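Engineer: Take a look at this one; I'll ask things after.
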């Protein structure tokens with residue numbers, strides 16, 4: 001009598017769709033809990049944060065730079081609007 005081992009990397013399409021159907025509501029619920037938690041955290045500590053909003057704004061710039069997707073900068077090809085016969 002042989003035993004079969006289930007390899008998670010070879011899941012059937014029905015199992016994959018079931019996992020994604022479960023994970024979407026779970027992700028939405030997690031985001032809602034995080035948003036509510038952030039609201040109450042800011043509400044309770046606004047006196048501390050409100051005085052330093054300028055520094056938080058300046059801190060947001062490098063944080064946004066770190067998490068920004070850097071795929072849309074165009075690459076190293078020449079600009080299409082540049083005329084080819086002229087030298088500036």
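The values are calculated or read from the model by the stated rules, or taken from the named source; none is laboratory data. These numbers come from a predicted model, not from an experiment. We place every Cβ from the backbone using ideal geometry, glycine too, and count neighbours over all the protein chains shown.
Engineer: Here is a list: 74, 69. Which entry is at pLDDT 60 or above and exposed (fewer than 10 other Cβ atoms within 10 Å of the Cβ)? Show your work before the answer.
Structural biologist: Details: 74 fails: at pLDDT 60 or above.
Checking each option against the conditions leaves just 69.
Engineer: Follow-up question, since we're still on this one. What pairs come up if the first residue lies in the range 27-45 and is surrounded by 10 or more Cβ atoms within 10 Å (Cβ to Cβ), the second is assigned to a helix (DSSP H, G or I), and their beta carbons are under 8 Å apart, counting only those six or more places apart or on different chains?
Structural biologist: Filtered contacts from the range 27-45: 42/49.
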